[in-house]
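Throughout, read-outs are computed from the coordinates displayed, never taken from laboratory work. Computed from a prediction, not measured in an experiment: that's the story for all the values here. A quick note on method: Cβ atoms are made from the backbone with ideal geometry, for glycine too, and the neighbour counts reach across all protein chains shown.
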Amino acid sequence: MSPLGWILGLVLPACAAAGANGLPVPPLLDVAHIERPASPNTALAAPAGWMRKPDIVTPVYPVPADRLLAAIGRVAGAQPRTFLAGAYPDARQLHWVVRSAVFNFPDLVTAQAMLHDPAGSSLLLYSRSVYGYGDFGVNRQRLTVWLAALDNAVGPSAERPTPL
């Protein structure tokens, strides 16, 4: 952690922590009822026709949901300053804390793998800032990077993620 992060931690306690520490373990998220704030500091990637309009439409991946969840777990684990914060394997849901490089700001990312049909599965990713009103597009950019890495890890899908 940088000295600036430590100083900022005096005002924003989660910034003084390392890894996934400083924040409570994220509970299982009901992804069908995500309520996004009015502030522009979240990003949602979800299948076409999802209940809440996503920022990025995710494809149907030609793998079972458990394998897709494991693949996104490996993708997240390879990202800088990204720490597993919670896992609900029976629900096919994982949570991470991602820390910014300079100020150690924590962001939360949730992944939910879902069975699409016998031939494939779908993925929902929800990235959001813990502090601040805006995020300078960081959450959306993170999802774009993770989805590109996932596509490389899982192989070509029937559809490609589409930015909206």
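Only one residue of Asn104, Leu125, Leu84 has its Cα farthest out toward the positive end of the dipole of segment 39-163, where Lys and Arg carry +1 and Asp and Glu -1 on Cβ, and that residue is Asn104. When the inverse distances between all different Cα atoms of the chain are averaged and flipped, the Kirkwood radius reads 16.1 angstrom.
With angles folded into 0 to 90 degrees, how steeply does helix 65-77 sit against the dominant principal axis of the chain? Use alpha carbons for both and round to 10. Compared with the principal axis, the helix lies near 30 degrees. Put a dot 7 Å past the Cα of Phe136, heading toward its Cβ, do the same for Ala78, and the two dots end up 2.6 nm apart. Per-residue Cβ neighbour counts within 10 Å put Ser100, Ser122, Ser129 in the sequence Ser100, Ser122, Ser129, beginning with the fewest.
Show that you can apply the helix-only estimate: for the chain, add -39,500 (n - 2.57) for every DSSP H stretch of four or more residues, divide by all residues, and state [θ] at 222 nm to the nearest 500.
-7000 deg cm²/dmol
In a simple Cβ point-charge model (Lys, Arg +1; Asp, Glu -1; nothing else charged), the chain has a dipole of about 260 debye relative to its Cα centre. Against the main long axis of the alpha-carbon atoms of the chain, helix 138-154 sits at an angle near 40°. Residue order for Ile34, Ile72, fewest other beta carbons within 10 angstrom first, comes to Ile34, Ile72.
Under a Gaussian network description of the chain, with springs only between Cα atoms under 10 Å, the residue in Ala20, Ala148, Ala46 that fluctuates furthest is Ala148.
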